[in-house]
1. I'd like to know if segment 440-448 contains one or more residues that are surrounded by 16 or more Cβ atoms within 10 Å (Cβ to Cβ) and under 36 Å from the mean Cα position of the chain (by Cα).
2. With respect to residue 549, determine if the residue is free of Cβ contacts under 8 Å to residues at least 12 places away in the same chain, among the aromatic types (Phe, Trp, Tyr) and not assigned by TED's automatic domain parsing to the domain that holds residue 265.
3. Taking segment 455-484 on its own, how many of its residues are among the hydrophobic types (A, V, I, L, M, F, W, C) and over 17 Å from residue 425 (Cα atoms)?
4. Quick one: residue 400 ticks every box in (1) in contact (Cβ under 8 Å) with a residue 12 or more places away in the chain; (2) within 26 Å of residue 460 (Cβ to Cβ) except a single one, so which number is it?
5. I need every pair where a residue in segment 268-283 that is closer than 18 Å to residue 230 by Cα and assigned by TED's automatic domain parsing to the domain that holds residue 252 has its Cβ under 6 Å from the Cβ of a residue that is charged (D, E, K, R) and part of a helix (DSSP H, G or I), sequence separation at least 6 or different chains.
6. What residue, of 500, 430, is buried (at least 16 other Cβ atoms within 10 Å of the Cβ) and touching a His at 6+ places or on another chain (Cβ under 9 Å)?
7. If the requirement is being surrounded by 15 or more Cβ atoms within 10 Å (Cβ to Cβ), in contact with a helix residue (DSSP H, G or I) (Cβ under 9 Å, 6 or more places away or on another chain), closer than 30 Å to residue 440 by Cα and of a type in the set (Gly, Ala, Ser), which of these qualifies: 532, 462, 484?
Amino acid sequence: MPGRRRKNPDHPSATGPGTQPAESLLPADFELADLYGAHGSDDEDADDQPVLVPPVRLLPEDELAAQAAAVPLLARAIRLARWAAPTRPVDELGDLLPADQVAAARHLGLAPAEDGGTSRPKAGGIPEDSVLEALRIWSLASDLELVVPAHDAEGNRVAGPSQELAPVEAGDVEAVLELWLSAAEVISELAAEIEPLDAEPDAGEQADEDRAEELLSQYEEVQAEAAELLDEALQVLYEATAFAQPGQETVPLGVLAALLVVPDGEEPDEEMLGDITDVMVALDPMLSDLEEIGLLEYQPIDPELFEEAEEEIEGEAAAAEARAAVSPEADDAEAARFGLVKLTPLGQYGIRQWLLDKGYDAPLIGEYATGDAAALLQGIAEAVNVLPEQEIQVWLAGREPVGAARELLEAARGNDPVAPLRRMLAQLAIGELGEAVGPAVREVLDDRELGGAARALLLSQGAANVPEPDRPMVLWTTVDTYAGQLLDLAGDAELERELIARMPVADDPAGFFGELWRVEHPYTAQVLETIGELHPDKRVAKEARKAAFKARSRN
């Protein structure tokens, strides 16, 4: 589903002389619930609409590799693979033999030599659950090809460390991250698995075969649905993290489930509340599994919340729990009882790699901030999934303010199709530099393209002695400002209507538009046509349409 802009009152958009300040409408500042279409939309064309993935900021790869190597599950798999040197005997499935199962558990420190009677021991006093855990880690090491099968001189089955192990142990960044990605994929696949359906009583050979095929088909369908649910949940969590303010990346499980269930712009009804509960219960064990590989941090649902209820009130109880889970009035302690999930830096890295593997454009913050000001402004203006303020902050970091302002002003010039939006972005960027750039801004006060925005910048900073613009500059800047904002909105009729409704049209619209249609600007006619189509005052709209016709006729 295409991303939509949202208003950001913290940064006033470009405003020229004669216009009123408007809320900032920046390119691709998306609403989370509009992304991915993972919340139950019935739109038949939803699958044909573009998927916009917001940009993220990742840690340096060496830091990510260090975090990956420190994940206990992966560290144990690496340790167990080295322990297998030169080889260990295995069965036909590649599993360790009983004697080495105990030795592996001891090597990993999974249990003390004496179990203290807390669980049923196997040979050597090692608890059975510790041995099973060692076997699970051995299986992961095998899946990751840290250990590989072979035959010894006598033809017996053995397994030992692979060549893949050495660069990982040496801390090679690429090798470690590749190994972690493979491990995360294995664990995510296992997380989506469900217990097989119980076998049914013997009903004859043919009947049993037919029933087995039916059960297998149902099982595979449920598995696929679970995997799809987890995939969608991780994608939405990725987006929530991208948009979150620092320190606010944690998402209540009920909110995550609601984003997957409730169509955009709707309030959940009783049926949806039941579905939200089902999604929360389904995701709970899967997210717990993913926490083990370092993909996310997860606080599970408090089991007391979902104790088995009487059948006749089960639906009501589930709906009540779901309503409480998504309630904005819930305090932190109450919300935590319904589950909390937070994507880790490793998780951001991993999900982005999966998105790239699926062919999605998953950009990084700073991709447009590596060149000069022209590349910055043009890149942001043309991109559909970019966070402008983030890109601007990256570009400004470490630059000398006055020099940066001059470069931005020069890059804002032009009459190409995105020039108005480029000027609006330049004004936003220069506004971040503060009062120190005043002298550079004053240098362009007489420039037809930049003078109006320059005055707006100076006035927003409280500067004195800012000369009044002449009427032609006021009119040109008015057209340019609205053109930039309309370009930014990219055809979103609802937000365009809000913008046009705020337009400060004088008591004499005929006189105002009688001046405006004469402005020599590439977007004069289009701006007037949009006003004529969307302005709520019929008198204003009529005069705008007449002016648009004159502007078109002149060309």
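The values are calculated or read from the model by the stated rules, or taken from the named source; none is laboratory data. Model, not experiment: these values are computed from the prediction. Reconstructed Cβ throughout: ideal geometry from the backbone, glycine too, with neighbour counts over all protein chains shown.
1. no
2. For residue 549, the condition - free of Cβ contacts under 8 Å to residues at least 12 places away in the same chain, among the aromatic types (Phe, Trp, Tyr) and not assigned by TED's automatic domain parsing to the domain that holds residue 265 - is met.
3. 8
4. (1)
5. If the second residue must be charged (D, E, K, R) and part of a helix (DSSP H, G or I), the pairs left are 277/321.
6. Values: 430 fails: touching a His at 6+ places or on another chain (Cβ under 9 Å).
Only one candidate passes the filter, namely 500.
7. On inspection, the qualifying residue turns out to be 484.
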